[in-house]
Amino acid sequence: MKITLIGTGLMGYPMAKRLLFMGHQLVVFNRTSEKSASLTDFGAEVAESPYAAIMASDCIILMLTNFEAINSVLFKNPEILKGKTIIQMSTISPDESMGICQKVIESGGEYLEAPVLGSISEAQSGTLFVTVGASARQFSAWLEIFKCFGAEPVLVGPVPHAATLKLALNQLIGSLTTAFSLSLGLLLNNNVNVEVFMDILRKSALYAPTFDKKLPRMLSRDFANPNFPAKLLLKDIDLILNVAKDTSLNTSSLEGVRSIVNDAVENG
């Protein structure tokens, strides 16, 4: 099958390679052309514009930074979306996903949301968690594409259920990471053995595997080449806060997390 993937950044690039590895013809486009040029070595065709990328196939996968980027790519020439299926895989708000869905349908296309949980290593190995907001018919029709990225895609419900679920998961990324870093700082500042702490933590109900994943970098203070840049986490936290406030949830704990992540971004 011929597929277009727009957005070949940190996650989009290894996802593009997965599609090629699984035998699909692939057209790619990225606003920074250097990020997609090397994919030609693996058999991809590089489009010169979003228009050309969308026209090249009937299935368009989006892995872009935010809602604004998606809008700028999809709706400059909305008439070309007629007969196309748009699979939106980025993290955006439920309202944003619903708005894109309505505009795609008005243009004569179909829309599915399929945000993923995982980072670069999972994208490379095809072990992402793929959560899908769509009809049962759409999910069945595109299941084999979703399986390129993760073995067990999950139909969450209609649009925008998957977008909401993805924000709930990303809230835990921010909250668990900052909570763990505070515990680690408490130990280090008081000369308590970190391995003793980790041995106890791993055997307790408090443990999450992400702690061991992040521990080496936190201890070494090595924050170069992140799998998930702080600026993107900050963007997601702002989305979560807006959605949570709209439903009158208490967001005071996440506002503290936001302050910490914002400080990290400002400090480079």
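The values are calculated or read from the model by the stated rules, or taken from the named source; none is laboratory data. In this text, all values refer to a predicted model and were calculated from it rather than measured experimentally. Quick reminder, even Gly has a Cβ in these numbers, built from the backbone with ideal geometry, and neighbours come from all protein chains shown. Note: accessible area is taken over every heavy atom of the protein model, side chains too, but ligands, DNA and RNA are not part of it. Shrake-Rupley method; radii C 1.70, N 1.55, O 1.52, S 1.80 Å.
Can you tell me how many residues within the stretch 210-259 are more than 20 Å from D95 (Cβ to Cβ), more than 21 Å from the chain's Cα centre (by Cα) and open to solvent by 50 Å² or more (accessible area, probe 1.4 Å)? Total satisfying the criteria: 11. Only one of the listed residues (E48, E79, E34) is free of Cβ contacts under 8 Å to residues at least 40 places away in the same chain and within 19 Å of L112 (Cα to Cα). That residue is E79. In the stretch 143-167, the residues that are free of Cβ contacts under 8 Å to residues at least 40 places away in the same chain form Cβ pairs under 6 Å with partners that are part of a helix (DSSP H, G or I) and crowded, with 22+ Cβ neighbours inside 10 Å, at six or more places apart or across chains, as follows: P153/F146; V156/A162.
Out of the residues in the stretch 143-177 that are in a loop (DSSP other than H, G, I, E, B) and open to solvent by 40 Å² or more (accessible area, probe 1.4 Å), state the one that is nearest to R18 (Cα to Cα). Spell out how you get there, then give the answer.
Of the stretch 143-177, the ones in a loop (DSSP other than H, G, I, E, B) are 147-153, 158-160.
Those left that are additionally open to solvent by 40 Å² or more (accessible area, probe 1.4 Å): 147, 151-152, 158.
Working: K147: 10, A151: 12, E152: 15, P158: 26 Å.
Ranking the qualifying residues of the stretch 143-177, first place goes to K147.
When the residues of the stretch 73-97 are filtered to those that are of a type in the set (D, E, K, R) and more than 19 Å from the chain's Cα centre (by Cα), the one that is surrounded by the most Cβ atoms within 10 Å (Cβ to Cβ) is K84. Against the numbered list (1) surrounded by fewer than 21 Cβ atoms within 10 Å (Cβ to Cβ); (2) more than 19 Å from F21 (Cβ to Cβ); (3) touching a residue at least 40 places away in the same chain (Cβ under 8 Å), P115 comes up short only at (1).
Identify the residue in the stretch 181-209 that is assigned to a loop (DSSP other than H, G, I, E, B) and among the hydrophobic types (A, V, I, L, M, F, W, C) and, among all such residues, is surrounded by the most Cβ atoms within 10 Å (Cβ to Cβ).
Quick first cut of the stretch 181-209, residues assigned to a loop (DSSP other than H, G, I, E, B) only: 190-193, 203-208.
After this cut, where a residue has to be among the hydrophobic types (A, V, I, L, M, F, W, C) as well, the list is 192, 205-206, 208.
Details: V192: 10, A205: 5, L206: 12, A208: 14.
Looking at the filtered set, the residue picked out is A208.
So is S121 under 23 Å from T8 (Cβ atoms) and without any contact (Cβ under 8 Å) to a residue 24 or more places away in the chain or not? Answer is no for this residue.
Residues that are β-branched (V, I, T) and touching a strand residue (DSSP E or B) at 6+ places or on another chain (Cβ under 7 Å) within the stretch 69-117 comprise I70, V73, T85, I86, I87, I100, V104, I105, V116, listed in sequence order.
Is it the case, given these coordinates, that S90 is outside any helix (DSSP H, G or I) and either under 26 Å from L239 (Cα atoms) or not hydrophobic (A, V, I, L, M, F, W, C) (or both)? Even if it seems obvious, please write down each step before you answer.
On the way: outside any helix (DSSP H, G or I): yes; either under 26 Å from L239 (Cα atoms) or not hydrophobic (A, V, I, L, M, F, W, C) (or both): yes.
Here the answer is yes, as S90 does meet what is asked.
Applying the criterion of being outside any helix (DSSP H, G or I) and hydroxyl-bearing (S, T, Y) to the residues of the stretch 126-142, the residue that is surrounded by the most Cβ atoms within 10 Å (Cβ to Cβ) is T131.
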